[in-house]
Each structure stands twice: as C-alpha cells, then as structure tokens.
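The next block holds one structure in the form of structure tokens; read it before the comments.
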Protein chains: 2
Amino acid sequence: MNLEWLGYLAAVLTTLAFVPQAVKTIRSRDTSGISLGMYVVFIVGIVCWFCYGIVLGSWPMILANAVTFVLAAVILVLKLRHG
Amino acid sequence: MNLEWLGYLAAVLTTLAFVPQAVKTIRSRDTSGISLGMYVVFIVGIVCWFCYGIVLGSWPMILANAVTFVLAAVILVLKLRHG
C-alpha cells in the first residue's frame, strides 16, 4: 500500500496551520500571548528544512517550507512590532 | 558531503521551538492572541507526520513528532480552557 499521500497530507496541514494564526495576528495585532522565542527558533528550523529540501532535491519540502517561512515571518514581524 | 545533520538540526529546532510557547502559555494563561484553528490543524498534521514516520520506520520522525504533539496539545488545551 502506497502511503506517500500521508506525508503530503502532513506537510500540507502543518504548513496551512499557520494561515489562521497569521490572519488572526494581522487582524488583531494581539501578540502578547505569542512567544518571540518560538518564532525565532521555528524560523531558523524552517530555513534548515528548506536547505535540507534543496540538498535532497525534494520539491514538496522546498515549497512547503517556503510557504511556512513567509507565514511564520509575518507573525514574527508583527510580534517584534507590537510586543 | 553528508548533510543528514541538517535534517536532524531542522527537526530538533522546529520541535524545540514549541517549548518557549508552551512555557509562556502555561505561566501567563494569555491565550487571546493564539489561534485555535492553527493548533487544531497543526496537531492533526503532527499526527499525520507521526503515522508517516511509523510507515517509514523513521525513529527521528516518530520521536520529534511525539514531542511536538505533547507541546502543541498543552497549548491547545490551555487555549480551549482560557479562550
């Protein structure tokens, strides 16, 4: 049984999960409960995943982490701006 | 050049990133800026990654996603409790 779809589903879900957080943070500017440390460490990790995807030549990893990077970076910028 | 360490570094960083968020949320109970949708979708995605890790027999994937699941679940429970 080919279960590759499970990996793609996982990648899509953990990427798209940041959409509602980014939308909420853009709209509300309510960043007091968001951890600066989380987004700093997470973004460094996503850059590592992106580079690892390039090493492996894996387009799903490259694309998913590029999208996650943009979404997490938006949240980080708003956190830095609004505290 | 073996760049497997880049994948492990990425996995450790994107897992540990949730530690400061969980600690902050446990201490402050400040969940108003945290997106419920993000943590629901994210946890479903992490369960998919965990199962995909089992399919692949990848212990790093299984362990990293087990830790992330616990941390994200703590944040989700606090979000559900404190709104």
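The values are calculated or read from the model by the stated rules, or taken from the named source; none is laboratory data. In this text the structure is predicted, and so the values were computed from the model without any measurement. Methodologically, a virtual Cβ is constructed for each residue, glycine included, from the backbone with ideal geometry; neighbour enumeration extends over all protein chains shown.
Here the condition is being in contact with a Gly (Cβ under 7 Å, 6 or more places away or on another chain) and aromatic (Phe, Trp, Tyr); of A:Tyr52, A:Tyr8, it holds for A:Tyr52 alone. Applying the condition of being aromatic (Phe, Trp, Tyr) and buried (at least 18 other Cβ atoms within 10 Å of the Cβ) to the range A:26-68 and asking which residue is farthest from B:Asn2 (Cα to Cα) yields A:Tyr39. As for the range B:1-12, it holds no residue that is buried (at least 17 other Cβ atoms within 10 Å of the Cβ) and closer than 21 Å to A:Gly33 by Cβ. Among the residues of the range B:2-14, not a single one is under 10 Å from the mean Cα position of the chain (by Cα), modelled with pLDDT of 95 or more and among the aliphatic types (A, V, I, L, M).
Quick one: is B:Ile75 crowded, with 19+ Cβ neighbours inside 10 Å and either in contact (Cβ under 8 Å) with a residue 24 or more places away in the chain or at the interface with chain A (Cβ under 8 Å from one of its Cβ atoms) (or both)? Can you show your working first?
Values: crowded, with 19+ Cβ neighbours inside 10 Å: yes; either in contact (Cβ under 8 Å) with a residue 24 or more places away in the chain or at the interface with chain A (Cβ under 8 Å from one of its Cβ atoms) (or both): yes.
Spelling it out, B:Ile75 is indeed crowded, with 19+ Cβ neighbours inside 10 Å and either in contact (Cβ under 8 Å) with a residue 24 or more places away in the chain or at the interface with chain A (Cβ under 8 Å from one of its Cβ atoms) (or both).
Tallying residues that are in a helix (DSSP H, G or I) and more than 7 Å from every other protein chain (Cβ to nearest Cβ) within the range A:36-71 yields 22. Report yes if A:Trp5 is part of a helix (DSSP H, G or I), closer than 13 Å to B:Ala17 by Cβ and either more than 10 Å from chain B (Cβ to nearest Cβ) or not β-branched (Val, Ile, Thr) (or both), otherwise no. For A:Trp5, the condition - part of a helix (DSSP H, G or I), closer than 13 Å to B:Ala17 by Cβ and either more than 10 Å from chain B (Cβ to nearest Cβ) or not β-branched (Val, Ile, Thr) (or both) - is not met.
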